[in-house]
Amino acid sequence: MAGLRLLSALILGAVFGFGLAISGMLDPARVRGFLDIAGNWDPSLGFVLAGAVLVAGLGRLVQTRLSHPLLSDRFHLPEKTQIDARLITGAAIFGIGWGMAGLCPGPAVADLMLGAPAVLVFVPAMIVGMLLHDRLAADGTC
């Protein structure tokens, strides 16, 4: 079962990366153009986001009708559902970083295949940030 889970993760990750590449989500300039609503706005990624919301909604609908996932004994859903200052602060930091760099974690990892210098700086910085967060969260600082 673990081998099948790993194989399905590899295949679905490749499909996800391929979709990011085709949609233009790997191009930081295009992403910044989408986020620049007061300037030279590029609405094309809105269709990508709408498609993602549609797929996620359909996935959620299917999930509610299943007792457990195909390759696991239970669903691993977030237990915390409250919106608090920590969530809002994290979302703001993510959004500011996304707007400045034009990259977010999924596309950045997929973009490693292209070897763009900005991505080669962004991904290690992202990993350091995640490790720092985990350390601070474990210490109760964050």
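Since every read-out is calculated from the coordinates, none of them should be taken as a lab result. Quantities reported herein were computed from a predicted structural model and do not represent experimental measurements. Neighbour counts run over all protein chains shown; Cβ positions are idealised from the backbone, glycine included.
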note = Any helix of the chain counts here only if DSSP assigns it H throughout, its Cα atoms span 20 Å or more along the axis, and its mean Kyte-Doolittle hydropathy is at least -0.5, and such helices are 2-23, 44-64, 85-101, 117-139
Chymotrypsin sites (Phe, Trp or Tyr not before Pro) within the range 1-105: DSSP coil, no more than 16 neighbouring Cβ in 10 Å = TRP41, PHE75
note = Expressed in angstrom, Rg and Dmax over the Cα atoms of the range 95-142 are 12.3, 38
message = Can you report the principal axis dimensions of the range 34-93 using only the alpha carbons, biggest first, rounded to whole angstrom?
response = 48, 30, 16
query = Hey, how many Å between the Cα centroid of the range 95-142 and the Cα centroid of the range 26-54?
reply = 20 Å
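Helix-only mean residue ellipticity at 222 nm, the chain, DSSP H runs n ≥ 4 weighted -39,500 (n - 2.57), per residue, nearest 500. What is it? Please list the in-between numbers first.
Values: 6 runs with 98 residues, N = 142.
Calculated at 222 nm, the ellipticity per residue is -23000 deg cm²/dmol.
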request  = Measure off 7 Å from each Cα along the Cα-to-Cβ vector at THR81 and ALA137, then give the distance between these two points in nanometres to one decimal.
outcome  = 2.0 nm
query = How high is the relative contact order of the range 2-139, in percent, with contacts defined as C-alpha pairs under 8 Å that are six or more residues apart?
reply = 27 percent
